[in-house]
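Nothing in this text is a laboratory measurement; each read-out follows from the coordinates by a stated rule. Just so it is clear, the structure is predicted and the values come from calculations on it, not from any experiment. Here Cβ is always computed from backbone atoms with ideal geometry, including for glycine, and neighbour counts include all displayed protein chains.
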Amino acid sequence: MTMQTAYDPHAAYNERIASELEEFFGTESRSLERAEATFTQAKAALLRPDGQAKYVEAEMREREAALLAAFDQSAAWVKAQAEEAIPAAQAELAKLAGADPFDSLKPEDQARAAARREFVKEDAALLPVVQLATQARAALAANDRGLLFLLDRYVGQRIDRDGGRRDPALSAVHGEIVNALADPKAAEKRHKSERKLSMAKLLNGRVDLARRRLDGRHDAMLADMRRRIAL
């Protein structure tokens, strides 16, 4: 009988984070790990087997400061990559959120839309709902993206104008137009940018945490927290 391993949500979370860091910042993450390991090994080499320092206190401080400076040099590059990626990902998300369907049209469709703009605007405002919905469905059937772009804008304006008197059939066809114009990969692009932004912030924080661990500030903070809890 095969034994099933119990699901560990903490391990699963760590595995996912490691996978996403590798996807977006694999080189940077490994560079940070190597810099930490190099510091830890070099600092350990400053001690004798019995744990006593090999050098007098002043020289130990100098050597440890030199090791920290070497770590900082490596970590600075990692931090720079993370800090550059954060605004870049934010800009990409803003671009996706404010994307104009007109920009996705081919030049010929843009030209057709520009030429028909006033006619479609007038029809969308004045035609009876049944006739306007029929015209919209014909554009959908023909996949006339230039016309669909105009209908999206002006049928949408009519629906907003009609408010509580809006026709369900017109609202339905307008929804189909919106879906027809939507970038099918927009959700995927947005999700990827959100994940990259999250990993960039995480990596940036890990650089700072590593520095605090190596210079003793992290242990000092934990000791202070334990002292406060014990009071």
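The table that follows gives values for the structure above.
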| quantity | calculated |
| --- | --- |
| Spatial separation of Cα centroids for region 176-207 and region 71-104, in angstrom | 11 Å |
| Rg and Dmax [Cα atoms of region 85-231; Å; Rg one decimal, Dmax integer] | 25.8, 78 |
| Among Ala70, Ala91, Ala142, residue whose mean-square fluctuation peaks in a GNM of the chain (springs only between Cα atoms under 10 Å) | Ala142 |
| Mean separation of Cα contacts under 8 Å, 6 or more apart, over the residue count of region 101-181: relative contact order % | 36 percent |
| Sorted by Cβ density within 10 Å, fewest first, the residues Ser19, Ser104 | Ser19, Ser104 |
| Dipole in debye (nearest 20) - region 52-153, about Cα centre, beta carbon charges: Lys, Arg +1; Asp, Glu -1 | 460 debye |
| Cα-centred dipole magnitude for region 177-218, charges only on beta-carbon of K, R (+1) and D, E (-1), debye, nearest 20 | 240 debye |
| Lys, Arg +1 and Asp, Glu -1 on Cβ, resulting dipole of region 101-181 about Cα centre, debye, nearest 20 | 80 debye |
| Whole-number percent relative contact order across the chain, with pairs defined as alpha carbons under 8 Å at least 6 apart | 27 percent |
| Viscosity 1.002 mPa s, temperature 20 °C, Stokes-Einstein D of region 101-181 from Kirkwood C-alpha radius, µm²/s | 172 µm²/s |
| Dipole of region 15-95 [Lys/Arg +1, Asp/Glu -1 at C-beta], most positive-end residue of Val56, Ala76, Gln41 | Val56 |
| Euclidean distance between Cα centres, region 11-54 to region 120-157, Å | 60 Å |
| Scattering curve values for region 53-128, log₁₀ I(q)/I(0), Debye with Cα scatterers, q = 0.11, 0.25, 0.26, 0.27 Å⁻¹ | -0.62, -1.07, -1.09, -1.12 |
